[in-house]
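Let me begin by presenting the structure, written as structure tokens, before commenting on it.
The values are calculated or read from the model by the stated rules, or taken from the named source; none is laboratory data. A quick note: this is a predicted structure, and the numbers were derived from the prediction, not measured. Positions of Cβ are backbone-derived with ideal geometry, glycine not excepted, and every protein chain shown enters the neighbour counts.
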Amino acid sequence: KEDLLKEVISHAKEYGFVFPSSEIYDGLAATYDYGQLGSELKNNIKQYWWKSMVQMNDNIVGIDAAIFMHPTTWKASGHVDAFNDPLIDNKDSKKRYRADVLIEEHIEKIRQKINKEVEKAAKKFADAFDEGQFRATNPNVLRNEEKIKEIEDRMRVTLEENDLEGVKKLIEDLEIVCPISGSRNWTEVRQFNLMFSTELGSVAGDAATIYLRPETAQGIFVNFLNVQKSGRMKIPFGIAQIGKAFRNEIVARQFIFRMREFEQMEMQFFVRPGEEMQWYHHWKETRLKWHKALGLGENYYREHDHIKLAHYANAACDIEFDFPMGFKELEGIHSRTDFDLKQHEQFSGKKLQYFDPELNQNYVPYVVETSVGLDRMFLAVMSASYKNEKLEDGSERVVLSLPAQLAPYKVAVMPLTKKDGLPEKATEILNDLRFDFNCQYDEKDSPGKRYRRQDAIGTPYCVMVDHQTLEDHTVTIRDRDTMEQERVAIAELRAKIEEKVSW
Ligand code: ATP
């Protein structure tokens, strides 16, 4: 699986999906550029989200708020005072770690130990092996499970109580049992604010410090009344947004999974106080269905309910995806109560209330939020679609079996040879199809090589124009996944492609 991430990264670069940012200057850590195919794929993911969240729902509308916001926004939201990660440096290696992530890496190492033990037993006992029973009774496994629980408890308590000395002690203890850094020489743990700041105009000093937004949600909260009034929205209703967010992440590894500049697709759903739990469960279920509907495979998803809740939440869960690095957060669903709107009321001195005509009552609505990282969706789709296939004839092919709706190109049109009027005929077909689908023209190299190239970028269909085309107005159309070719009339092409690639 480690190899899978490496392969996806190099494939993404080779074919123009994702490049390291400013690569000619050796790149900038945790920043990436989407290339010619990556930006198409990313746009298609956005569209899939926007269509299903905004356009298919009568009571959800979309906005596009500015990245810069009045600095008091971030006081009110709690980000100035509390949007911190605990940070620790190793004095010998000069490596910087996020304390909680480092502890989780230790836990992962112990988990791997358990899994090795299980694998060994599975090999040894073959048929007679019952994994569940082995895990429940083997003393090594039990001891390590116990260890994990103990570490998790200590981590939770120390972080919750902001006991930074305790966090350091935990890391030192862990490094003795299973070293990661190879050295025991640590600095103190410090809280590090994740917001990027800059100065507005030419004024210096505190008053002019503004932030790059660390989440898109606040742009929605401050516009709650604007949208509600101008759109005559009735509760329950939602406001959706896709946009950039910025976090000065301490640990920024794992390709586009954790970046310092990234994109979020968020929706805040405003509900009556007391009805938030029912909506929380509704959105949890709806969002999981949305992910599964992409067809990457149900096994890729699992839900993780939070026990430790953020100060503003009364329920929260993550939808996790089985990335090449293992199961990690892809989307968060949070019941944020009336915390944000109340804070903004207090800091702005403006009422942010809704008059409910059915209850004949004013109140500050409660909020259920769905928040998914666009770049993490991108990585999920790429890594689950990337396949190195062995074919029956012994050859190999790399195929990106992207959901057809998300593929950068829907169809590649090719003339069999570069003469006899075939390129002209192919161009004619392409020019007709391109109004409805993103198409690519490809006439270089042998047909086999061209097919492989299209497989590698995930194009669902290839249309080949040959000499018979000139006689009977038919072409062959090749399916990326089955590799089967079928002869169809040119007049039927549009409907055939449409069937596969439309939403
Ligand atoms: P994590 O625990 O992985 O840092 P988070 O819990 O801080 O994530 P949220 O604040 O809930 O994340 O943000 C919502 C979504 O935004 C996440 O589910 C994730 O998909 C995405 N996201 C957050 N931080 C990043 C990042 N640095 N790079 C890419 N996507 C991110």
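Could you please let me know if Phe347 is touching a residue at least 40 places away in the same chain (Cβ under 8 Å), away from the ligand (no atom under 16 Å from the Cβ) and either in a strand (DSSP E or B) or not aliphatic (A, V, I, L, M) (or both)? Here the answer is yes, as Phe347 does meet what is asked. Taking the numbered list (1) within 16 Å of the ligand (Cβ to nearest atom); (2) modelled with pLDDT of 95 or more; (3) surrounded by 18 or more Cβ atoms within 10 Å (Cβ to Cβ) in turn, Phe237 passes all entries but (1).
For region 383-395, the candidate set comprises residues that are surrounded by 10 or more Cβ atoms within 10 Å (Cβ to Cβ) and of a type outside the set (Lys, Arg); within that set, the residue that is farthest from Val501 (Cα to Cα) is Ser395. Exactly one residue out of Thr209, Thr216 is in contact (Cβ under 8 Å) with a residue 60 or more places away in the chain, outside the structural domain of Lys95 (by TED's automatic domain parsing) and either near the ligand (Cβ under 10 Å from one of its atoms) or within 20 Å of the chain's Cα centre (by Cα) (or both): that is Thr216.
If you filter region 446-484 down to residues that are of a type in the set (S, T, N, Q) and over 34 Å from the mean Cα position of the chain (by Cα), you find that the one that is nearest to Lys387 (Cα to Cα) is Ser446. Look at region 365-379: where a residue is closer than 17 Å to Arg260 by Cα and a partner is of a type outside the set (A, V, I, L, M) and more than 10 Å from the ligand (Cβ to nearest atom), sitting 6+ places away or on another chain with Cβ atoms under 6 Å, you get Phe378/Lys42. Checked across region 410-433, the condition of being among the aliphatic types (A, V, I, L, M), in a strand (DSSP E or B) and touching a Phe, Trp or Tyr at 6+ places or on another chain (Cβ under 7 Å) holds for at least one residue. Of the strands (runs of 3 or more DSSP E) lying entirely inside region 96-201, those carrying at least 3 residues that are not aromatic (Phe, Trp, Tyr) are 190-193, 197-199. Put simply, of Lys342, Lys328 the only residue that is within 23 Å of the chain's Cα centre (by Cα) and basic (Lys, Arg) is Lys328.
In this structure, Asp318 does satisfy being modelled with pLDDT of 95 or more and within 12 Å of the ligand (Cβ to nearest atom). Scanning region 209-264 for residues that are of a type in the set (Gly, Ala, Ser), assigned to a loop (DSSP other than H, G, I, E, B) and closer than 25 Å to Tyr48 by Cα returns a single hit, Gly231.
Which members of region 350-382 meet the condition of being away from the ligand (no atom under 16 Å from the Cβ) and assigned to a strand (DSSP E or B)?
Passing the criteria: Tyr354, Phe355, Asp356, Gln361, Asn362, Tyr363, Tyr366.
In region 63-79, the residues that are crowded, with 16+ Cβ neighbours inside 10 Å form Cβ pairs under 6 Å with partners that are among the β-branched types (Val, Ile, Thr) and assigned to a helix (DSSP H, G or I), at six or more places apart or across chains, as follows: Trp74/Val80.
Report the residue count in region 322-332 for those that are more than 9 Å from the ligand (Cβ to nearest atom) and either out of contact with any helix residue (DSSP H, G or I) (no Cβ under 6 Å at 6 or more places or on another chain) or in a strand (DSSP E or B) (or both). Don't jump to the end; show me each part of the working.
Going through region 322-332, the residues more than 9 Å from the ligand (Cβ to nearest atom) turn out to be 322-327.
This time we only want the ones that are either out of contact with any helix residue (DSSP H, G or I) (no Cβ under 6 Å at 6 or more places or on another chain) or in a strand (DSSP E or B) (or both), so: 322-323, 325-327.
Looking only at that region, the number is 5.
Only one entry in Asp85, Asp92 is touching a Leu at 6+ places or on another chain (Cβ under 9 Å) and not in a helix (DSSP H, G or I), namely Asp85. Screening Gln264 with (1) within 14 Å of the ligand (Cβ to nearest atom); (2) exposed (fewer than 15 other Cβ atoms within 10 Å of the Cβ) gives one miss only, at (2).
So which residues in region 395-445 are under 34 Å from the mean Cα position of the chain (by Cα) and more than 15 Å from Arg480 (Cα to Cα), if there are any at all? Scanning region 395-445 gives Ser395, Leu430, Leu433, Arg434, Phe435, Asp436, Phe437, Asn438, Tyr441, Asp442.
As for region 8-20, it holds no residue that is within 15 Å of the ligand (Cβ to nearest atom), of a type in the set (Phe, Trp, Tyr) and either part of a loop (DSSP other than H, G, I, E, B) or within 15 Å of Leu379 (Cβ to Cβ) (or both). Suppose the filter is closer than 20 Å to Gly62 by Cα, within 11 Å of the ligand (Cβ to nearest atom), of a type in the set (Phe, Trp, Tyr) and assigned to a strand (DSSP E or B); does Phe269 pass it? Here the answer is no, as Phe269 does not meet what is asked.
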